Amino acid sequence: MSENNWETDIRLIQKDIQQIQKFFGKVETSIDQMSELSKMVAVQNEVLDFTKNKLEDVEKIFEDNKRSEEVKINIISDRLEEYRRSSRADHERLAEHNAEKRAKNNKEILDRLELLEKSMHGRLNEQSKKVNGLENWKYYMMGMGAVVLILVARINWPGLFG
């Protein structure tokens, strides 16, 4: 029996060793993965440092450009103010000239409209006379037609042809 106990013990120990080997295999895999992750983290840290340096460079360039743009804006605003002052007189002269020209053009337009109105009244009067003449002719013709109808109705047609 002691031999069976030994065999059982050996098998149990072998099984325990296999489980320990599996455990350490998993531990080794985890350690490998952790080393991979630490490498990735180190690479990411380098990328972040590089990005930080680039961002600082960009900020410096931005500040330099901002200062130079402020100087340019001041120069431009000074020139703009100078142009505004010089253009006010030009604008006033132009406004006066345009007012005179508008007044002249308005007078011409009103004169032409007056002539056109007189011409239109003359044409309308002529057309009214013609329409009245046609209306009178229409009533005259209706009266003549009525007289003819009355005469035709009063004539004894069978006695005339018979």
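Exactly one residue among Asn132, Asn156, Asn98, Asn125 is within 54 Å of the chain's Cα centre (by Cα) and not hydrophobic (A, V, I, L, M, F, W, C), and that residue is Asn98. Annotation for segment 115-138: at least one member residue is surrounded by 10 or more Cβ atoms within 10 Å (Cβ to Cβ) and either in contact with an Asp or Glu (Cβ under 6 Å, 6 or more places away or on another chain) or of a type in the set (Phe, Trp, Tyr) (or both). Inclusion of Asp64 among residues that are under 40 Å from the mean Cα position of the chain (by Cα) and loosely packed, with under 10 Cβ neighbours inside 10 Å is not warranted.
FYI, it's all coordinate maths here, none of it is from the lab. Given the structure is predicted, the values throughout are model-derived calculations rather than measurements. All Cβ positions, glycine included, derive from the backbone under ideal geometry; neighbour counts span all protein chains shown.
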